[in-house]
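Peer 1: Below is one structure. I have some questions about it.
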Amino acid sequence: MSHPSLLDDLRWRYATKIFDPAKTIPADTWKTLEESLVLTPSSYGLQPWTFLIVTDPKTKAALRPHAWNQAQVTDCSHFVIFASKTTVSPEFVDKNFARTSEVRGVPAVKLTAYREMILADLVRGARSHVVAEWAARQAYIALGQFMLACAVLRVDACPMEGFVPAEFDKILGLTQRGLTATVCCAAGYRAEADKYATAPKVRFKPENVVEYI
C-alpha cells in the first residue's frame with residue numbers, strides 16, 4: 001500500500017449515519033475484519049475483551065431502543081460490541097500465559113517472572129481498583145484498528161458511544177461473564193441517501209494539533 005493510498009482510505013471513511021440494510025458484508029471480507037480484531041495489540045498482551053458480533057435482526061431490534069434509537073444498530077450488516085473485562089483474575093492471566101506457551105513453545109516456568117509482574121500490577125496492585133477503566137481503554141485500541149481495517153477494505157463504519165451499557169449488558173448477559181459493553185461500531189455499506197458521505201471532512205490543520213519537540 002502506498003502512502004497516498006492509505007490517506008485516501010482515511011479520507012474516504014466517515015461516521016456513517018445511514019446504512020443500506022439490503023447490503024451485507026461478504027463472508028471473506030468479514031473474516032478479514034474479524035481477524036483484524038483478533039490481531040489488536042493490548043497492554044501486556046492480555047486481550048481483556050470479547051468482541052460480540054451481532055447480526056441477528058431480533059437482537060439488533062432489542063438493542064436499538066437502548067442506543068438512542070439510532071438506526072445504525074439495525075440497518076448495518078454487522079454490529080460490533082466491544083465488551084471489556086470488569087476484573088482481571090489470576091485465572092485469566094494464567095489462560096493468557098498458557099496460550100503464550102502454546103504458540104511460542106516457551107515453557108511456562110520461563111514466564112513466571114512476567115506473570116508475577118502482571119499480578120502485582122493488575123490483580124494485587126493499585127491498578128486492580130481501576131482495572132475496568134484500564135480494560136475499557138484497551139477496547140478503544142481495538143476500535144481504532146477495526147475502523148482502519150474497515151476503511152482499507154472500503155467497508156463503512158460508525159463508532160458509537162450513544163447507548164446504555166447496563167441495558168446492553170442485561171440483554172446480552174454480560175455481567176455474569178465479568179464483561180461490560182464499552183463501545184460499539186456499526187459496519188456495513190452506506191446508503192445513497194446519506195448526505196454525510198460527501199461532506200468535506202473537518203479537521204484542524206496539522207500545525208494546530210501536531211507538535212515536534
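Each value in this text was obtained by applying a stated rule to the coordinates, not by laboratory testing. This is a predicted model, so every value here is computed, not measured. Cβ atoms come from the backbone with ideal geometry, glycine included; neighbour counts cover every protein chain shown.
Peer 1: With n ≥ 4 as the cut-off for DSSP H runs, can you work out [θ] at 222 nm for the chain, using -39500 (n - 2.57) per run divided by the number of residues, rounded to the nearest 500? Numbers along the way, then the final one.
Peer 2: Numbers: 9 runs with 89 residues, N = 213.
Mean residue ellipticity at 222 nm (helix-derived): -12000 deg cm²/dmol.
Peer 1: Name the residues whose placed amide hydrogens come within less than 5 Å of the amide hydrogen of residue 18, ignoring near sequence neighbours (fewer than 5 apart) on the same chain.
Peer 2: Under 5 Å from the amide H of residue 18: 191.
Peer 1: Please arrange 77, 36, 43, 5 by counting, for each residue, the other beta carbons lying within 10 Å of its beta carbon, fewest first.
Peer 2: Details: 77 21, 36 18, 43 15, 5 10.
So the residues, fewest neighbours to most, are 5, 43, 36, 77.
Peer 1: Here is a further query. Would you please give the residues with an amide H less than 5 Å from that of residue 162, counting only those at least 5 places away or on a separate chain, with H modeled from the backbone geometry?
Peer 2: For residue 162, no residues qualify.
Peer 1: In the chain, what % of DSSP beta bridges are antiparallel (nearest 5)?
Peer 2: Numbers: 20 of 21 bridges.
DSSP beta bridges in the chain are roughly 95 percent antiparallel.
Peer 1: Same structure, new question: Under a point spin-label approximation (7 Å from Cα along Cα-to-Cβ), what is the residue 140-residue 51 distance to one decimal in nm?
Peer 2: 1.9
Peer 1: Ordered by packing density, taken as the mean number of other Cβ atoms within 10 Å over each peptide's residues, highest first, how do 170-177, 46-53 rank?
Peer 2: Details: 170-177: 13.5, 46-53: 18.5.
Listed from highest to lowest mean packing, they are 46-53, 170-177.
Peer 1: Would segment 1-50 count as rounded, prolate or oblate if I go by the C-alpha gyration tensor, calling it rounded below 1.5 in a/c and otherwise prolate when a/b exceeds b/c, oblate otherwise?
Peer 2: Values: a/c = 1.93, a/b = 1.28, b/c = 1.51.
In terms of gyration-tensor shape, oblate.
Peer 1: On to the next question. Is segment 143-213 rounded, prolate or oblate when judged by the Cα gyration tensor, a ≥ b ≥ c being the square roots of its eigenvalues, rounded requiring a/c under 1.5 and prolate requiring a/b larger than b/c? Display every interim value, and only then the final one.
Peer 2: Details: a/c = 2.45, a/b = 1.52, b/c = 1.62.
Taking the square roots of the gyration eigenvalues as a ≥ b ≥ c, segment 143-213 is oblate.
Peer 1: Could you sort the peptides 129-136, 16-23 by per-residue average Cβ neighbour count (10 Å cutoff), highest mean leading?
Peer 2: Numbers: 129-136: 16.2, 16-23: 18.0.
Put in order of decreasing packing, that is 16-23, 129-136.
Peer 1: Could I ask something else about it? Quick one: the Cα spread of segment 62-119 along its three principal axes, in angstroms, biggest first?
Peer 2: Cα extents, longest axis first: 51, 22, 14 Å.
Peer 1: Moving to a separate point now. Near the amide H of residue 181, under 5 Å away, which other amide H atoms are found, from residues 5 or more places off or on another chain, if H is placed in the peptide plane?
Peer 2: 169
Peer 1: Would you kindly derive the ³J(HN,Hα) couplings of segment 32-43 from the backbone phi angles with the Karplus curve 6.51 cos²θ - 1.76 cosθ + 1.60 (θ = phi - 60°), listing them in order in whole Hz, with x for Gly and Pro?
Peer 2: 5, 5, 4, 5, 5, 5, 4, 7, 4, x, 8, 4
Peer 1: On the Cα set of the chain, report Rg and Dmax in Å, please.
Peer 2: That works out to 19.2, 59 Å for Rg and Dmax.
Peer 1: Another one. How many angstrom separate the Cα center of segment 126-143 from the Cα center of segment 20-94?
Peer 2: Spelled out, the Cα-based centre of one part sits 17 Å from the other.
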